[in-house]
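Below: the structure, in structure tokens.
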Amino acid sequence: MSDIADRVKKIVVEHLGVEESKITESASFIDDLGADSLDTVELVMAFEEEFGIEIPDDAAETIQTFGDAVKFISEAS
Amino acid sequence: MFDLTGKTALITGASGGIGAQIARTLHGAGATVGLSGTRVEPLEALAAELGARAHVLPCNLSDAEAVTALPKQAIEAMGGVDILVNNAGITRDNLFMRMSDDEWSNVIEVNLTAAMRLSRGVLRGMMKARWGRIVNISSVVGATGNPGQGNYAAAKAGLVGMSKSLAYEVASRGITVNAVAPGFITTAMTDKLTEDQKAGILGNVPAGRMGEPEEIAAAVLYLASAEAGYTTGTVLHVNGGLAMI
């Protein structure tokens, strides 16, 4: 697993308090990992800080799953 | 009780009577204060009066870019914004049938939209800190209406709806959002009223007197305090009984 994926996973575990094993490529933050809409905003904020990138609102809306997040961040950083 | 030591507070309209008193009261409770307003001189005079822990942050609230920049400037100056007091307000009174689009939109822009932009700007830090206080200064006329103030009353009522909606969204993060609705308070604005006008107003105030800025500031201090952590989405009316709602 890539370094980016590890760091994203760490953030998700910390913020949502979920088991690492539940965070699969296709795991949806809201449907599978128990996030509410405000949690997803906070996750995006945390990704921005961790990776020193800016995630515009329209892009943030497309980040629904763990895989989406890793893909977006890999391309942006 | 109500100790704000170590907290940072951004207050808009701090050059006015009520805003300046809010700043004094929060500062007196130990907070570091960011004094915002359009007129620099009274802000600097107030900062000099307060001494340490006071920062002057001028801002024209009708300028969207300047408003968006203000939270960043406040965070830079104070290290964060734990407490936001949206106090700034203007009036452009006119009969509704004569009210121009500009009179309407200027009042909405400064009294309501700026409060939204500033709240949005400080929320990120509050979310991370899992603690925040937003206090919006509404008005009794937002609840009761007032002839000649369709724009002002709309903005002040708008602040209440905005406060409640935001309060829902961020309550789980330790952030409270409330409004204070002053009645008739002794300020430069009400000093201009004639004795007859004052007598007419006071006839409707059970307390039989105007309120003092200190009495508004005390309500803000409560809502800004740690002790008010379970109070959110509320409107605290401070009006001498003028409207018991």
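For Cα pairs less than 8 Å apart in space and 6+ apart in sequence, what is the mean separation divided by the residue count of the stretch B:40-118, i.e. the relative contact order in percent? Contact order relative to length: 31 percent. Computed with a 1.4 angstrom probe on protein heavy atoms, the B-A interface buries about 700 square angstrom of accessible area in total.
Note: relative contact order over the stretch B:8-236, using C-alpha pairs below 8 Å and six or more positions apart, is 20 percent. A probe of 1.4 angstrom, applied to the heavy atoms of all protein chains, finds B:S165 with accessible area near 70 square angstrom. Taking amide H atoms as placed 1.01 Å from N in the peptide plane, the amide H of B:A54 lies under 5 Å from those of B:V33, each 5 or more residues away in sequence or on another chain. The accessible area of A:K10, taken with all protein chains in place and a 1.4 Å probe, comes to roughly 130 Å². Treating the angle as unsigned and between 0 and 90°, give the value, to the nearest 10°, between the Cα long axis of helix B:64-78 and the longest Cα principal axis of chain B. Result, in degrees: 50. Relative to the Cα centre, the charge distribution of the stretch A:1-76, modelled as +1 at Lys and Arg Cβ and -1 at Asp and Glu Cβ, gives a dipole magnitude of about 260 debye. Toward the positive end of the charge dipole of the stretch B:8-236, with +1 on the Cβ of Lys and Arg and -1 on the Cβ of Asp and Glu, the farthest Cα among B:V33, B:L221, B:V177 is that of B:V177.
The local environment of B:A179, defined by Cβ-Cβ distances under 11 Å, has a net charge of +2 under the rule Lys, Arg +1 and Asp, Glu -1. Which residues, if any, in the stretch A:1-49 lose at least 30 square angstrom of accessible heavy-atom surface (probe 1.4 Å) when the other protein chains sit next to their chain rather than the chain being alone? Relative to the lone chain, where solvent access is computed with a 1.4 Å probe, the stretch A:1-49 loses at least 30 Å² at A:L38, A:E42, A:M45, A:E49. Near B:H237, the amide H atoms lying under 5 Å from its own belong to B:A181; only residues 5 or more places off or on other chains count, and H is placed 1.01 Å from N.
Once you mark the GluC sites (Glu not before Pro) that are in a DSSP loop and have at most 13 other Cβ atoms within 10 Å, what is the longest gap between them in chain A? By the stated rule (loop sites, at most 13 other Cβ atoms within 10 Å), A:26-53.
In percent, rounded to a whole number, the relative contact order of the stretch A:1-76 is 38, using alpha-carbon pairs under 8 Å and six or more apart.
Surface composition of the stretch A:1-76: carbon and sulfur atoms hold 46% of the protein heavy-atom accessible area at a 1.4 Å probe.
Counting only Cβ charges, +1 for Lys and Arg and -1 for Asp and Glu, the dipole size of the protein assembly as shown around its Cα centre is about 1120 debye.
The values are calculated or read from the model by the stated rules, or taken from the named source; none is laboratory data. All values reported here derive from a predicted model rather than from experimental measurement. Counting neighbours? That spans all protein chains shown, and the Cβs are built from the backbone with ideal geometry, glycine included. Accessible surface is based on the protein model in full, side chains and every heavy atom, while ligands, DNA and RNA are left aside. Shrake-Rupley method; radii C 1.70, N 1.55, O 1.52, S 1.80 Å.
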